[in-house]
1. If you take the residues in region 41-82 that are in contact with a Phe, Trp or Tyr (Cβ under 6 Å, 6 or more places away or on another chain) and farther than 24 Å from THR120 by Cβ, which one is modelled with the lowest pLDDT?
2. Given the structure, is THR170 among the β-branched types (Val, Ile, Thr) and open to solvent by 30 Å² or more (accessible area, probe 1.4 Å)?
3. Being loosely packed, with under 14 Cβ neighbours inside 10 Å, at pLDDT 95 or above, touching a Ser or Thr at 6+ places or on another chain (Cβ under 6 Å) and assigned to a strand (DSSP E or B) is the requirement here; does ILE158 meet it?
4. From the set of residues in region 110-131 that are of a type in the set (D, E, K, R) and open to solvent by 60 Å² or more (accessible area, probe 1.4 Å), which is farthest from the chain's Cα centre (by Cα)?
5. Assess whether ARG75 counts as being over 16 Å from GLY7 (Cβ atoms), loosely packed, with under 15 Cβ neighbours inside 10 Å and under 18 Å from the mean Cα position of the chain (by Cα).
6. Here are ARG108, ARG133: which of them is charged (D, E, K, R) and at pLDDT below 95?
7. Out of region 227-259, which residues are assigned to a loop (DSSP other than H, G, I, E, B) and of a type in the set (Gly, Ala, Ser)?
8. Name the pairs whose Cβ atoms lie under 7 Å apart, with the first residue in region 225-250 and at positive phi, the second crowded, with 20+ Cβ neighbours inside 10 Å, and 6 or more positions between them or separate chains?
Amino acid sequence: SYLACSGYFSSVEVSPQWQQADNQEVPIEVSLSPNNRNRYQLGVGYGTDTGARVTLGFDRRWVNSRGHRLSSVLRLSEVQNTGFVSYVVPGRNPARDSYSYTGEVSDRSYEQQVSTLYRTAFNDIRHYNKWHRTYQLSYQREDFAFGNEPTTSSNFLIPAIEWSLIDSATVQDNRNMIDDGYRLTLSLQGGHDSFLSDTSFISAKVGAKWIQRLNDNWRMLLRGEVGALTVDDFYLLGPTLRFFAGGDHSVRGYAYNSLGPRNAEGDIIGGRYLLSGSVEYGWPFRDSW
């Protein structure tokens, strides 16, 4: 399955050699067809969280003989513009381990919130069957303002860790449709004013999602998030480090990041705590919809 999902090959065929079976062992023959080395992406769309959007992407599926990969994406939308570059190095066990170096520039203007983020990060990623673990060390600068407040600039060196537990089964006729399953995620991050950070903080968030098929047509989806942070000077934290709610991946029926504490002028500035949950029912109204 790793060969098929690696992106290096356009097709993977595994054939058992039954005529050569010996002592209950059957050798196999694997036929591989290389993929195109370069991949280009162009997408247009509309989302309630982003407004109208355009996506441009370029991937170098392998950079060298060691299987290093390069991925870059430019996303332009009414809410946020983002440029992202990632260089991925396979680990000792390429099927489950990898390292990545990333660079990101984001410019967001939404409601009364303006933010420009510059971030670079190193990631150490491991997969253990259903478990996924990521260590990250990032450095970011964020220039931000809420409403008519003056622009504030903050800098942070942030070590972070994330654990995810994922178990799911897909619909037999549609690999993109989850039939039953769940995902649990725990993330921790922080910074200290003695180590290239403007103020000390610790942030934790737990997220959960559960999908249960009720019958052939109906399925139920439960989703929730709990978060909290402690910080010496809250007003030095940019929007990317505060908690907001609202949007199609949070509290539906409310606009993107439209739920949160407000300042004296009524501008939403985000908060120290997060608690959200939802219950959804879904059904197919066409074979592929």
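The values are calculated or read from the model by the stated rules, or taken from the named source; none is laboratory data. Since the structure is predicted, the reported quantities are computational estimates derived from the model, not experimental observations. Glycine also receives a Cβ, built like all others from the backbone with ideal geometry; neighbour counts cover every protein chain displayed. The accessibility values were calculated without ligands, DNA or RNA, using every heavy atom of the protein model including side chains. Shrake-Rupley method; radii C 1.70, N 1.55, O 1.52, S 1.80 Å.
1. Only one residue fits best here, namely ASP49.
2. Against the criterion (among the β-branched types (Val, Ile, Thr) and open to solvent by 30 Å² or more (accessible area, probe 1.4 Å)), THR170 qualifies.
3. Numbers: loosely packed, with under 14 Cβ neighbours inside 10 Å: no; at pLDDT 95 or above: yes; touching a Ser or Thr at 6+ places or on another chain (Cβ under 6 Å): yes; assigned to a strand (DSSP E or B): yes.
No.
4. Only one residue fits best here, namely GLU111.
5. No; evaluated as a whole, the condition is false for this residue.
6. ARG108
7. GLY238, GLY246, GLY247, SER250, GLY253, ALA255, SER258, listed by residue number.
8. Close Cβ pairs (under 7 Å, with a partner that is crowded, with 20+ Cβ neighbours inside 10 Å) amount to GLY246/TYR256; GLY246/ASN257; GLY247/TYR256; GLY247/ASN257.
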